[in-house]
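Here is the structure we will look at, set down as structure tokens.
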There are 2 protein chains.
Amino acid sequence: MTQRMNRQWLLAARPKGLVKESDFRRHDTAVPEISDGEILVRSTHVSIDPAMRGWMENRGDYMAPLDLGDVMRSFNVGDVVASRNPAYREGDVVTGLFGWQDYCVAGTKACPATKLARPEMRTLYLGGLGVTGFTAYFGLLDLGEPKEGQTVVVSGAAGAVGSVAGQIARIKGCRVVGIAGGAEKCRWVVEDLGFDACIDYKAEDVGKRMTALCPEGINIYFDNVGGEILDHALARLAMHGRVVLCGGISRYNDLDNLTGPKNYFNLIFRRARMEGFIVLDYADRYSEAEQHLARWIETKELTHRETIVEGFDNLPAALIGLFKGQNIGKQIVHIGD
Amino acid sequence: MTQRMNRQWLLAARPKGLVKESDFRRHDTAVPEISDGEILVRSTHVSIDPAMRGWMENRGDYMAPLDLGDVMRSFNVGDVVASRNPAYREGDVVTGLFGWQDYCVAGTKACPATKLARPEMRTLYLGGLGVTGFTAYFGLLDLGEPKEGQTVVVSGAAGAVGSVAGQIARIKGCRVVGIAGGAEKCRWVVEDLGFDACIDYKAEDVGKRMTALCPEGINIYFDNVGGEILDHALARLAMHGRVVLCGGISRYNDLDNLTGPKNYFNLIFRRARMEGFIVLDYADRYSEAEQHLARWIETKELTHRETIVEGFDNLPAALIGLFKGQNIGKQIVHIGD
């Protein structure tokens, strides 16, 4: 039975320090009407991503501003429940930036909706076959330029992007060392994902283990965390190494006391580079990435895992949990059927 | 009249904090004899470079180790005063790593000596036509990839490398903003070198001035200093900006309390890269650089300036002065005729 109110979570405050429940405000409103050219999407699943912390503050200036009182931004998948756009039919399964709400008016230039090629695997489009997977794909391959036999280190290795990036490196014939927090995550990374090793940063001396596991230095460091671990990697770069800057989750919750990588100077001695990217720039190559990722998932070369939280009311808690490392693989919230 | 002792400055201690006179020790010894295949060079001029601080500590691992008791390493120019190598004749003017001493056995694989194409301009081979100029040339052009109309910011703009890098950027049609310490240096950078502007970091708010002078952001930041100025530049990168890491003179004297660039994360938002290099890697393209630099010097598109300190005994003081910013342009010590 279809919910006839539109539940929403609005941005109530810019976060200070850790994201809190009170940064959001529940607001229930009428289901919107659609006009010609529009569709109405009812979301079933919401993607929870580290980048949301930045969206809440409009950091980086790479997306339209998110104002206080706006519906919280998110990538979702959902069903078309009404269409006045000939490109869509009721029952189509679509993905897009539909936000923390049940219903979204979409199918327009302002709010595009992409039909899923494999609607039966809808949550994959928030993970390995979505922006998460594309981030891993373009970051590792385009910026990292892995070559067979090279050593790749991935932080946040049990996270959504890191777990895919490391597996792509493995598929490309690299030695892959992950870094993750806790024995359970490390076990998953090695046993299920096929990384060569995984360093438990909560229990081990990261620098020492990195030295032992990367005797010829690090050719590619794929960074999701920043902080001290980035410094450990910079100190151990191989000649012409590449640092792919994907994220910095250790930074997001204390933006007032930021530090920088004091070992950045090793980029000179190692003739190395550190480079950032935003996956949205690769939109015209998403289909290339999707094809490769889908094939690797089909052949089981790429393992995919989701942590699914139940219930619309738990959206803020799921985001807060992400910054505490509670998820393994892709964090998703299931908000409706 | 030729000095018949070989004066030397040896490395006496690894520097702690600022380089001190007592890090070196005078040692006079006999003029060495040469064997077949060797030449004897008597140096006239010694190049003083920021990299020497790192050589004293063997930082970076990119040159043969320098041990305590070794003659201090330096690039020199000098005259061949004896030759048992058919490739050289007495009277040839040569450049190489002849060190802080009058006489050096060279012309071998262990200590190559390069004959100057324009021996009458010998000191230029320690500056614009030497490793200094090549550093500016490859750093700016190969890593920076300047395009006409782009905005280039150069720190250490009145220094040997920065002054050349900024002028090459100007020659390539870029807007060039320098950063230097003191009104005299800034005046020279703008009036004589033709930079569009120069920020006096000792007297001005660097961030504010950078914002005013680079309204569309910084396409290339050529960094010789590190520290806060690097952070200011990172915060103001244009999309796809490049940070060329050449040096970090602000770091060299306090290696125990290093900080990193806290704004490095802007590399993500700006899809930008930060990259280091060592000019020695470009040895097989030095002649390309020399041709271009020589033509620009001939046509007066490239202005060159030297600060020459007199006397062998003043070698340590000249190096200490470099870290205090006492030089304008290339710092050289004249040790003999």
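Key figures for this structure:
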| item | result |
| --- | --- |
| Net charge of neighbours whose Cβ lies under 9 Å from the Cβ of residue B:92, counting Lys and Arg as +1 and Asp and Glu as -1 | 0 |
| Shortest-first distances to equivalent copies, position residue B:30, nm, label 7 Å out along Cβ | 10.6 |
| Charge dipole (segment B:228-337, unit charges on Cβ, about Cα centre) - positive-most of B:250, B:293, B:311 | B:250 |
| DSSP bridge orientation in chain B - percent antiparallel, rounded to nearest 5 | 50 percent |
| Percent of Cα-Cα distances greater than 18 Å, calculated over segment B:129-235 | 39 percent |
| Acute angle (nearest 10 degrees) that the helix A:160-171 long axis makes with the longest principal axis of chain A, alpha-carbon atoms | 50 degrees |
| Dipole in debye (nearest 20) - the protein assembly as shown, about Cα centre, beta carbon charges: Lys, Arg +1; Asp, Glu -1 | 240 debye |
| Sequence-separation-based contact order of chain B, relative, with Cα cut under 8 Å and 6+ spacing, percent | 17 percent |
| For the protein assembly as shown, share of DSSP beta bridges that run antiparallel, in % to the nearest 5 | 55 percent |
| Chain B - charge dipole about Cα centre, Lys and Arg +1 at Cβ, Asp and Glu -1, debye rounded to 20 | 620 debye |
| Geometric extent, Cα atoms of chain B - Rg, Dmax (angstrom) | 20.1, 63 |
| Helix-derived mean residue ellipticity, 222 nm - over chain B, DSSP H n ≥ 4, -39500 (n - 2.57), to 500 | -6000 deg cm²/dmol |
| Formal net charge of residues neighbouring residue B:44 (Cβ-Cβ distance under 10 Å; K, R +1; D, E -1) | -1 |
| Candidate aspartates and glutamates for bridging to residue B:172, where Cα separation is under 19 Å - those fewer than 8 sequence places away on the same chain excluded | B:142, B:145, B:148, B:191, B:192, B:196, B:216, B:223, B:288, B:290, B:298, B:301 |
| Per-residue mean of C-beta atoms belonging to partner chains within 10 Å, peptide A:58-65 | 2 |
| Label spacing, shortest first and in nm, from residue B:18 to its equivalents in the remaining copies (7 angstrom along Cα→Cβ) | 4.7 |
| Centre separation in Å (Cα based) which lies between segment B:55-69 and segment A:82-101 | 64 Å |
| Cα centre as origin, Lys/Arg/Asp/Glu Cβ charges: segment B:140-289 dipole, Debye | 420 debye |
| Paired Rg and Dmax values of segment B:235-304, which use every Cα atom, in angstrom | 16.9, 45 |
| Accessible area (Å², per residue) of the protein assembly as shown, counting only protein heavy atoms and a probe of 1.4 Å | 40 Å² |
| Over segment B:194-337, relative contact order from alpha-carbon pairs under 8 Å, at least 6 apart, % | 16 percent |
| Relative intensity, log₁₀ I(q)/I(0), of the protein assembly as shown from a Debye sum that treats every alpha carbon as a point, q = 0.05, 0.08, 0.12 Å⁻¹ | -0.30, -0.69, -1.21 |
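The values are calculated or read from the model by the stated rules, or taken from the named source; none is laboratory data. Predicted model, so just to flag it, every value in this text is computed and none were measured. Cβ atoms come from the backbone with ideal geometry, glycine included; neighbour counts cover every protein chain shown. Side chains are part of the model used for accessible areas, which takes the heavy atoms of the whole protein and leaves out ligands, DNA and RNA. Shrake-Rupley method; radii C 1.70, N 1.55, O 1.52, S 1.80 Å.
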